[in-house]
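Read-outs throughout are calculated quantities, based only on the coordinates presented, and are distinct from any laboratory measurement. The structure presented is a predicted model; accordingly, all values stated were derived computationally and were not measured. Please note: Cβ atoms are built from the backbone with ideal geometry, for glycine as well, and neighbour counts cover all protein chains shown.
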Amino acid sequence: MSSSHSKLPCVLLTNDDGIDAPGLAVLEAVAAELAHEVWVVAPEHDQSGTSHSVSLHSPLRVTRRGERRFGVLGTPGDCVVMAVRHLMGDVRPTLVLSGINRGSNLGVETIFSGTVGAAMTGLLLGLPSIALSQIYRDRDHVRWDTARALAPDVIRRLAAIAHEAPVCLNVNFPDVDPGAAGPLTVTRQGVGLVQGIDVVPQIDPRGIEYHWLRFTRGPRENGPDSETAVVYSGGISVTPLHFDRTDERTFAVLAQALGAGQ
């Protein structure tokens with residue numbers, strides 16, 4: 001895909017960190033190399049943790065931020081729907097790219113992720129979609145140069161596969177220098193690092209209590225083929241995701257138990 005003739009016709013970019021986030025700026029620079037036409041439709045404000053949610057009970061307000069660039073007062077899922085079903089008119093994106101998220105989206109956390117949720121919304125609309133995240137250990141020193149250097153080749157390779165059938169792919173870049181990164185490796189979701197969710201009470205200046213929700217993270221058992229194991233070993237993970245969350249083991253147990261009771 002080095003020549004202009006091999007560029008993608010059109011890509012749609014979104015994220016959950018907000019339209020002014022540094023990770024989206026990195027993704028825009030990458031997309032400019034990969035596609036003839038780039039559309040950006042992203043939330044006006046940080047929408048981390050909104051998963052696949054769409055706004056059914058509140059209006060969506062759109063602000064034009066430039067040519068083919070819009071901010072939406074809504075969720076990442078809202079942004080994808082607004083783009084594909086309204087803002088882009090008759091133009092249909094070849095690929096949806098969501099990110100580049102500030103921080104990892106690994107294991108169970110992908111269920112809550114707005115970055116992954118936007119990509120899954122693209123899949124719901126029949127579009128191949130890739131969620132991209134840059135892991136960090138120090139929040140004040142995110143290795144955006146790693147994502148910037150590695151993302152073009154990763155997206156090129158995955159786009160060719162994703163176009164054969166719409167799919168959602170979850171990519172995580174490791175917290176290492178670009179030259180030290182391991183290969184792009186297909187992974188399983190695994191459990192990740194989330195151990196639970198805590199409630200953190202606070203008191204505002206008027207003496208009224210309010211609360212923050214906070215993920216608690218720590219070591220958990222993840223198999224060697226999990227995205228967590230791969231990226232923390234310095235590799236680039238890619239996990240194919242789908243909507244069906246049926247637990248096959250419990251399905252078999254229930255089928256046997258309920259069938260025996262009839």
* Asked: What share of Cα pairs, in percent, lie more than 25 angstrom apart in the chain?
  -> 46
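Loop-only trypsin sites (Lys or Arg not before Pro) in the stretch 162-262, please: DSSP not H, G, I, E or B, and at most 11 other Cβ atoms within 10 Å. Numbers along the way, then the final one.
Working: sites: Arg188, Arg206, Arg214, Arg217, Arg220, Arg245, Arg249; in loops: Arg206, Arg220, Arg245.
Of the trypsin sites (Lys or Arg not before Pro), the ones in loops of the stretch 162-262 whose Cβ has at most 11 other Cβ atoms within 10 Å are Arg206, Arg245.
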* Give or take rounding to whole Å, what are the principal axis extents of the alpha carbon atoms in the stretch 48-195, in descending order? -> 43, 34, 30
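Exactly which GluC sites (Glu not before Pro) in the stretch 197-251 are in a DSSP loop and have at most 10 other Cβ atoms within 10 Å?
For GluC sites (Glu not before Pro) across the stretch 197-251 that sit outside H, G, I, E and B with at most 10 neighbouring Cβ atoms in 10 Å, the list reads Glu221.
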* Asked: Which listed residue (His242, Val191, Val81) has the Cα farthest towards the positive end of the charge dipole for the chain, taking +1 on Lys and Arg C-beta and -1 on Asp and Glu C-beta about the Cα centre?
  -> Val81
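Assigning unit charges at the beta carbon (Lys, Arg +1; Asp, Glu -1) and nothing else, what dipole magnitude in debye, to the nearest 20, does the stretch 14-67 show about its Cα centre? Mind dumping the intermediate values first?
Numbers: 3 positive and 9 negative charges, 52 e Å.
Using only the charged Cβ atoms, the result is roughly 240 debye.
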* Distance from the Cα centre of the stretch 113-156 to that of the stretch 218-262, in angstrom? -> 22
* To do: Give, in whole angstrom and from largest to smallest, the semi-axes √(5λ) of the equivalent ellipsoid of the stretch 14-82, with λ running over the eigenvalues of the Cα gyration tensor.
  => 21, 13, 10
* Dividing the convex hull volume of the Cα atoms of the stretch 97-162 by its residue count, what figure in Å³ per residue is obtained? -> 83
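Sequence gap at least 6, Cα distance under 8 Å: using those rules, report the relative contact order of the chain to the nearest whole percent. The partial results should precede the final answer.
Numbers: 574 pairs, mean separation 43.1, N = 262.
Computed value for the chain: 16 percent relative contact order.
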* To do: Just need the Rg to Rh number for the stretch 163-262, please, alpha carbons only, Kirkwood Rh.
  => 1.17
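Once you charge only the Cβ atoms, +1 for Lys and Arg and -1 for Asp and Glu, what is the size of the charge dipole of the stretch 51-162 about its Cα centre, to the nearest 20 debye?
Numbers: 14 positive and 8 negative charges, 51 e Å.
Roughly 240 debye, rounded to the nearest 20.
Excluding Pro22 itself, calculate the net charge of residues whose Cβ lies under 15 Å from the Cβ of Pro22, where each Lys or Arg counts +1 and each Asp or Glu counts -1.
Charge balance near Pro22 sits at -4.
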* To do: With a cut-off of at most 16 other beta carbons within 10 Å, and DSSP calling the residue loop, which trypsin sites (Lys or Arg not before Pro) in the stretch 17-97 qualify? Please list them.
  => Arg61
* Asked: Helix-derived [θ] at 222 nm for the chain: sum -39500 (n - 2.57) over DSSP H runs of at least 4, divide by residue count, nearest 500?
  -> -8000 deg cm²/dmol
* Most to least packed among 151-163, 9-21 [average Cβ atoms within 10 Å] -> 9-21, 151-163
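Averaging over all projection directions, find the projected area of the Cα convex hull of the stretch 6-52 and quote it in nm² with one decimal place.
3.4
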* Dividing the alpha-carbon radius of gyration of the stretch 1-126 by 2.2 N^0.38 Å (N being the number of residues), what value is obtained? -> 0.98
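Just how many % of Cα pairs in the stretch 177-225 lie over 18 Å apart, if you round to the nearest whole percent?
The proportion of pairs with Cα distances above 18 Å equals 60 percent.
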* Asked: So, counting K/R as plus one and D/E as minus one, what does the shell of residues with Cβ under 15 Å around Ala131 add up to?
  -> -3
* Structure fact -> With +1 at each Lys and Arg Cβ and -1 at each Asp and Glu Cβ, the charge dipole magnitude of the chain around its Cα centre, to the nearest 20 debye, comes out at 320
* Got a sec? Charge dipole of the stretch 24-142, +1 on Cβ for Lys and Arg, -1 for Asp and Glu; which of Ala32, Ser58, Val142 is way out at the positive end? -> Ser58
